[in-house]
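See structure below.
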Amino acid sequence: MKNLLSLTTLFAVAVALCGCQSAKSPCAEVDPFLGVDGGGNVLPGPCHPFSLVRINPLVELPHPTNGYETGRPIVGFVQTNVSGTGGGGRYGNFLVTPQLGEIDVYDKSTTLSEETSQVGYYSALLDRWGIRAELTSTPRVGVQRFTFPAGGVPHILITASSVIDLDRNYPYDARCVDARIEAGKDGTVSGYAQIIGGWGHMEPYKLYFCGSFDKPYAVSGVWDSRGLLEEAQTARDSIAGAYFSFPNLDGGSITLKIGVSTSSLARARANLQEQEDKSFEQIRAASEAAWDDYLGRIRVEGGTPEQRKIFYTSLYRSFVMPTDITGENPGWTTSEPSYWDFYCLWDTFRCTFPLYSIIAPDKYVEMVRSLLDVYKNRGWLPDAWIVGGFSKQQGGTNADNIIADAVVKGLEGFDRSLALEAMLHNAETPADESDTFEDLLRIGKHRDYIEMGYVPSDKLCCSSYTLEFAYNDFCLYQVASALGKEGLADKYLKRSMNCYNLFDPATGFFWAKDRQGAWVPGFIPTYQGNPWWKGPYFYEGTPYHYSTYVLHDINGLISRHGGKKRFAAYLDEFFDGGFFTHENEPDIHAPYLYNYVGQPWRTAEIVRDIMANQYRTERDGWPGNDDSGTLSSWYVFSSMGLYPITGQDFYLIGSPLFRRIDIELPGDKRFTIRAKGVSAENKYIQSATLNGEPYDKSWIRHADIVQGGELVFTMGPSPSEWATKCVMPKSASQIINK
């Protein structure tokens, strides 16, 4: 056995050195283990961009939301998962466990060693049996290859009823309510699982699978909640699984492919059949090629090996979710693109969607069309749309922000009139405010906001809802204006000033009012609910965290603070006092606000500090939940020296990390950012040119990027006068008062 294991290990190493590991491929820079632990909750296993199948190891209960934690025993490999999320889990379907010797359907646990992971490939040794596991995938097929040592009978177990579960005994934890599995006479295995619970909603969802082996099995059987079933080849129960034995193998490998579908068993079988004639290596190569396409859209030169690894891993994470199920929407018949797992727009609208607007605008448009299709068929634009159902609304109606971003950036290919209709529905139709799930508003706007101009203190997260609703109104103004609806545009531009209904000039913070308009007593700027996601006044944050959340009116906020000097002093207090947190979303834009007070050099200092100290090349190296690529896309933008303001057509400038960044754009265009002399010390911009002309603004329009060109910075070791006197884009209050 020892010699065989050594050969297996050498084979795995040889495979790891092939494929996308050439120096010319950005795939070689990606480390899927970065951020898997410590709350990052990202996935170590392979997937495709926006794929349904994300095949990964699953640890014993209780499960983190990604199903994995370094050092904990695993129970096998699941075909589906989510990346970077918090809260309760989702997916974790169709668990595959190889075993050797005695079959044990109750104890599938084993420790791992010799783990490796690259783009499109994962490998580990299952210590309990000495089995080498290798994983790769297509968008809708999970591929697992198991190499068994000689001696003992190899088995492969498939658990149809598996699911990610935090195991807290909460009524809304994930659980399987119905599963079916059948060992077919044609050598395939098929079935389905119906699951309820997990983060967001309690609507049941159903996934189907069909699998096949590259070698014939000699014996098969099934089990359910009662145990192994004699003579049966089909099981249906809340616990259901099947085993397959290969007594004639005596060493060697077995490859199992599992097609997955959201719509039907026939579609799962068709997904499998599309890949049946392809080898493990061919499928792995196709995965690498798909990722090369996306990762190659931004090429960087310079920086340290660690910085390049974090950059490309972050870029990779930005394209893992949402889930493209186009052609397999089980909710309604449609010819539109279909995506699940906007998880959640409250997170991803800030950086992830703006990244798509530059390097994947076709996918951005598909996602907008999918959101509009949800509106047409289910009555609302979602803030979170998970496994085909609306989820609780963490903040505002943030699909508005995404649509506005697409409109102001000139993206085409979706129905703008329908988009405006959907946004108006968000703006004027009061939401169902029943507190039936985690005590938070499900979808839409509070009636109180529509009628009173703010959400009163008897509603959870009232202050953060008010701030986010106000920004949604500004985004509606943007779309109405672009469509020539001047009356509507004027109405919602003015309504976007509702944010200041909860601004207390005595403290300089946003706070809460009761229904009579009186300030709630007990203000302190660090006030935080327990648990923090239930307010009572701010969702997942404090007054400090939301103190700058007026993305449409930063200049107006500065005036309310008493001018640039006082606002700069407030920002210093916020950052120097340790009140800023980068692990969550409400204030991740705040480091860039020094640009508005003529201190872009301070933005450079803070952003560089975050990149250097809160992102590390470690398994616990992410600052918090990656939230479907949100923190990763923040790093991507910040490395390029940019930060997007979603729903508006410009980017704030920070401090580029690399000496050269080439952004490949649609239409064979390219935008290059060069930073002459850049280093850890030389983080301050001394001067800049755009297409050869002097450039003295600490922001840049989207159009200047996507038409192609070159932005060149000269960097230095100390602050300069560059862009300290530039005029910033107009804010909402300035447009109103023009």
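The values are calculated or read from the model by the stated rules, or taken from the named source; none is laboratory data. Given the structure is predicted, the values throughout are model-derived calculations rather than measurements. Reconstructed Cβ throughout: ideal geometry from the backbone, glycine too, with neighbour counts over all protein chains shown. For the accessible areas, the whole protein counts, side chains as well, though only heavy atoms, and no ligand, DNA or RNA atoms are used. Shrake-Rupley method; radii C 1.70, N 1.55, O 1.52, S 1.80 Å.
Looking at the stretch 567-585 only, could you name the residues that are of a type in the set (D, E, K, R) and within 15 Å of ARG602 (Cα to Cα)?
We begin by selecting, within the stretch 567-585, every residue of a type in the set (D, E, K, R); these are 572-573, 576, 583, 585.
Result: ASP572, GLU573, ASP576.
Condition first: touching a strand residue (DSSP E or B) at 6+ places or on another chain (Cβ under 8 Å), in contact (Cβ under 8 Å) with a residue 24 or more places away in the chain and closer than 25 Å to LEU711 by Cβ. Can you find one or more residues in the stretch 612-619 that meet it?
No.
From the list ASP432, ASP448, exactly one residue is assigned to a helix (DSSP H, G or I) and out of contact with any His (no Cβ under 6 Å at 6 or more places or on another chain). Which is it?
ASP448
So if I check each of PRO154, PRO149, which one is farther than 24 Å from ASN41 by Cβ, buried (at least 21 other Cβ atoms within 10 Å of the Cβ) and touching a residue at least 40 places away in the same chain (Cβ under 8 Å)?
It is PRO154.
Take the stretch 476-533 and flag every residue that is surrounded by 14 or more Cβ atoms within 10 Å (Cβ to Cβ), modelled with pLDDT under 95 and not hydrophobic (A, V, I, L, M, F, W, C).
Answer for the stretch 476-533, where residues must be surrounded by 14 or more Cβ atoms within 10 Å (Cβ to Cβ), modelled with pLDDT under 95 and not hydrophobic (A, V, I, L, M, F, W, C): GLN528, GLY529.
Can you tell which of GLY395, GLY303 is within 27 Å of TRP622 (Cβ to Cβ), at pLDDT below 95 and out of contact with any strand residue (DSSP E or B) (no Cβ under 7 Å at 6 or more places or on another chain)?
Testing whether each residue is within 27 Å of TRP622 (Cβ to Cβ), at pLDDT below 95 and out of contact with any strand residue (DSSP E or B) (no Cβ under 7 Å at 6 or more places or on another chain) leaves just GLY395.
Is one or more of the residues making up the stretch 117-134 of a type in the set (Phe, Trp, Tyr), open to solvent by 10 Å² or more (accessible area, probe 1.4 Å), modelled with pLDDT of 95 or more and more than 24 Å from the chain's Cα centre (by Cα)?
The answer is yes, given that some residue of the stretch 117-134 is of a type in the set (Phe, Trp, Tyr), open to solvent by 10 Å² or more (accessible area, probe 1.4 Å), modelled with pLDDT of 95 or more and more than 24 Å from the chain's Cα centre (by Cα).
For the list (1) polar (S, T, N, Q); (2) in contact with a Lys or Arg (Cβ under 9 Å, 6 or more places away or on another chain); (3) under 23 Å from GLN99 (Cβ atoms), I need the number of the one condition that SER245 fails.
Condition not satisfied by SER245: (2).
Assess whether GLY410 counts as being over 16 Å from the mean Cα position of the chain (by Cα), open to solvent by 10 Å² or more (accessible area, probe 1.4 Å), farther than 23 Å from LYS206 by Cα and of a type in the set (Gly, Ala, Ser).
yes
Quick one: how many residues across the stretch 451-475 are among the aliphatic types (A, V, I, L, M), open to solvent by 10 Å² or more (accessible area, probe 1.4 Å) and not in a loop (DSSP other than H, G, I, E, B)?
Looking only at that region, the number is 1.
Can you tell me which residue in the stretch 154-169 is farthest from LYS206 (Cα to Cα), limited to those that are among the aliphatic types (A, V, I, L, M) and part of a loop (DSSP other than H, G, I, E, B)?
LEU166
What residue, among those in the stretch 714-731 that are of a type in the set (Val, Ile, Thr) and outside any strand (DSSP E or B), is surrounded by the most Cβ atoms within 10 Å (Cβ to Cβ)? Give the steps one after another, and end with the answer.
Of the stretch 714-731, the ones of a type in the set (Val, Ile, Thr) are 714, 724, 727.
Next, only the ones that are outside any strand (DSSP E or B) stay: 724, 727.
Numbers: THR724: 15, VAL727: 8.
Of everything passing the filter in the stretch 714-731, THR724 is surrounded by the most Cβ atoms within 10 Å (Cβ to Cβ).
Against the definition (in contact with a Ser or Thr (Cβ under 8 Å, 6 or more places away or on another chain), crowded, with 24+ Cβ neighbours inside 10 Å and at pLDDT below 95), how does GLY89 come out, yes or no?
yes
Take the stretch 241-296 and flag every residue that is aromatic (Phe, Trp, Tyr) and under 20 Å from PHE209 (Cα atoms).
If the condition is that a residue be aromatic (Phe, Trp, Tyr) and under 20 Å from PHE209 (Cα atoms), then TYR243, PHE244, PHE280 are the ones that fit.
If you scan the stretch 290-315, which residues turn out to be part of a helix (DSSP H, G or I) and closer than 11 Å to PRO26 by Cα?
TRP291, ASP292, ASP293, TYR294, LEU295, ARG308, LYS309, PHE311, TYR312, THR313, LEU315
Taking strands (runs of 3 or more DSSP E) that do not extend beyond the stretch 21-121, which have at least 3 residues that are of a type in the set (Val, Ile, Thr)? Explain how you work it out, then say what you get.
Details: elements: 56-59, 74-78, 95-100, 112-118.
In the stretch 21-121, 74-78 are the strands (runs of 3 or more DSSP E) which contain 3 or more residues that are of a type in the set (Val, Ile, Thr).
Please work out which residue is nearest to THR333 (Cα to Cα), limiting yourself to the stretch 245-281 and to residues that are touching a Leu at 6+ places or on another chain (Cβ under 8 Å) and at pLDDT 95 or above.
Filtering the stretch 245-281 for residues that are touching a Leu at 6+ places or on another chain (Cβ under 8 Å) and at pLDDT 95 or above, the one nearest to THR333 (Cα to Cα) comes out as THR262.
Would you check which residues across the stretch 120-138 are within 17 Å of TYR68 (Cβ to Cβ) and either of a type in the set (Gly, Ala, Ser) or out of contact with any strand residue (DSSP E or B) (no Cβ under 6 Å at 6 or more places or on another chain) (or both) and list them?
SER123, ALA124, ALA133, SER137
I'd like the residue in the stretch 586-600 that is outside any helix (DSSP H, G or I) and more than 20 Å from CYS475 (Cα to Cα) and, out of all such residues, is least open to solvent (accessible area, probe 1.4 Å). Spell out the reasoning first.
Going residue by residue through the stretch 586-600, those that are outside any helix (DSSP H, G or I) are 586-589, 598-599.
Checking which are more than 20 Å from CYS475 (Cα to Cα) leaves us with 598-599.
Values: GLY598: 14, GLN599: 44 Å².
Here the answer is GLY598.
Farther than 28 Å from PRO149 by Cα, buried (at least 19 other Cβ atoms within 10 Å of the Cβ) and hydroxyl-bearing (Ser, Thr, Tyr): which single residue out of TYR243, TYR205 fits that description?
Numbers: TYR243 fails: farther than 28 Å from PRO149 by Cα.
From the options TYR243, TYR205, the qualifying one is TYR205.
Of everything in the stretch 40-66 that's open to solvent by 10 Å² or more (accessible area, probe 1.4 Å) and modelled with pLDDT of 95 or more, which residue is nearest to SER632 (Cα to Cα)?
Among residues in the stretch 40-66 that are open to solvent by 10 Å² or more (accessible area, probe 1.4 Å) and modelled with pLDDT of 95 or more, the one nearest to SER632 (Cα to Cα) is ASN41.
Check ALA179 against each of (1) touching a Lys or Arg at 6+ places or on another chain (Cβ under 8 Å); (2) among the small types (Gly, Ala, Ser); (3) in a loop (DSSP other than H, G, I, E, B) and name the one condition it does not meet.
Unmet for ALA179, out of (1) touching a Lys or Arg at 6+ places or on another chain (Cβ under 8 Å); (2) among the small types (Gly, Ala, Ser); (3) in a loop (DSSP other than H, G, I, E, B): (3).
Within the stretch 351-380, track down each residue that is under 21 Å from LYS409 (Cα atoms) and touching a residue at least 60 places away in the same chain (Cβ under 8 Å).
CYS351, THR352, PHE353, PRO354, LEU355, SER357, ILE358, ILE359, ALA360, PRO361, ASP362, LYS363
List every residue pair whose Cβ atoms lie under 7 Å apart, where the two residues are 6 or more positions apart in sequence or sit on different chains, the first residue falls within the stretch 552-578 and is in contact (Cβ under 8 Å) with a residue 40 or more places away in the chain, and the second residue, located anywhere, is open to solvent by 60 Å² or more (accessible area, probe 1.4 Å) and of a type outside the set (A, V, I, L, M).
If the second residue must be open to solvent by 60 Å² or more (accessible area, probe 1.4 Å) and of a type outside the set (A, V, I, L, M), the pairs left are ASN555/GLN734; ARG560/PRO505.
Which of the residues spanning the stretch 337-389 are of a type in the set (A, V, I, L, M), in contact with a Leu (Cβ under 9 Å, 6 or more places away or on another chain) and assigned to a helix (DSSP H, G or I)?
Listed by number, the residues that qualify are LEU345, LEU355, ILE358, ILE359, VAL365, VAL368, LEU371, LEU372, VAL374.
Given the residues ARG140, ARG168, which is the only one that is under 19 Å from TRP340 (Cβ atoms) and within 25 Å of the chain's Cα centre (by Cα)?
Only one candidate passes the filter, namely ARG140.
Which one of TYR375, TYR364 is among the hydroxyl-bearing types (Ser, Thr, Tyr) and open to solvent by 10 Å² or more (accessible area, probe 1.4 Å)?
So the residue among TYR375, TYR364 that is among the hydroxyl-bearing types (Ser, Thr, Tyr) and open to solvent by 10 Å² or more (accessible area, probe 1.4 Å) is TYR375.
Test each condition in (1) surrounded by 23 or more Cβ atoms within 10 Å (Cβ to Cβ); (2) under 19 Å from the mean Cα position of the chain (by Cα); (3) not hydroxyl-bearing (Ser, Thr, Tyr) for GLU69 and report the one that comes out false.
(1)
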